[in-house]
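Note sheet for the following structure.
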Amino acid sequence: MNIHTYEKFWLLASMALIVGFILTITYGSVGLGIAMVDDSEPTVDPENLNDHPDFGDPGVEKAGENEYDVYIRAIQFAFIPYQIEVPAQSTVTFHLTSGDVIHSFSVVGTNANTMIIPGEIATVTVETEEPGEYGIVCSEYCGSGHHDMEALLTVVPQDEFELEGDE
Ligand code: CUA
């Protein structure tokens, strides 16, 4: 059978395209380290967050030298706590959970953004840079007060940072 040269070319080109698409999708889903929330994440009882050792009294905790954990509860229609203060030039891990419906945690102007699912703990780690103020918004429609759901993240100079309840 004789296949015309052009036809051969287009056959090969279309096959290369298909292989290319598959490689792109594979890279996008496993190569970038993007993780989906799944059953293997630590879980919490959304009904009893008050009794949880970390989410019962949410806020900033020191995790190590220049490392901090921030526990935040999302509810209709607020983040608890509303004001979050962390030091500059530090590694900050946000631990997020919801007491009712699905919310999200988006630090405006950065790529820190995650869904907050009741019963699951989502974590986002950021490296803080210069002092500044960042708005935190819920970008997952969660009910009539969704547009009012916000919080304030303040990055303060290291020598001005003080942990609440710390001497
Ligand atoms: Cu919470 Cu939208």
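State log₁₀ I(q)/I(0) for segment 59-167 at q = 0.13, 0.20, 0.21 Å⁻¹ as given by the Debye formula over alpha-carbon point scatterers of equal weight, solvent excluded.
Debye output, listed in q order: -0.44, -1.00, -1.09.
At a temperature of 37 °C and a viscosity of 0.692 mPa s, determine how fast segment 48-112 diffuses translationally according to Stokes-Einstein, using the Kirkwood radius over alpha-carbon pairs as Rh; express D in µm²/s, rounded to the nearest whole number.
261
Counting other beta carbons within 10 Å of each Cβ, put Glu61, Glu130, Glu162 in order, fewest first.
Exposure proxy ranking, most exposed first: Glu130, Glu162, Glu61.
Can you give the relative contact order of the chain as a percent, counting alpha carbon pairs under 8 Å and 6+ residues apart?
21
At 0.36 nm per residue, and after removing the present C-alpha to C-alpha distance, how many nm does the segment from Ile102 to Gln158 gain when stretched out fully?
Taking Ile102 through Gln158 to full extension adds about 16.8 nm, to one decimal.
Pick out which of Glu47, Glu85, Glu150 has the largest mean-square fluctuation in a Gaussian network model of the chain, springs linking Cα atoms closer than 10 Å.
Glu47
Longest exposed-loop-site-free stretch of the chain, with chymotrypsin sites (Phe, Trp or Tyr not before Pro), DSSP loop and at most 15 other Cβ within 10 Å?
1-81
Computed from the coordinates by the stated procedures, all read-outs in this text should not be read as laboratory data. Note that this is a predicted model, so its numbers are computed, not measured. With ideal geometry, Cβ positions are generated from the backbone for all residues, glycine too; neighbour counts draw on all protein chains shown.
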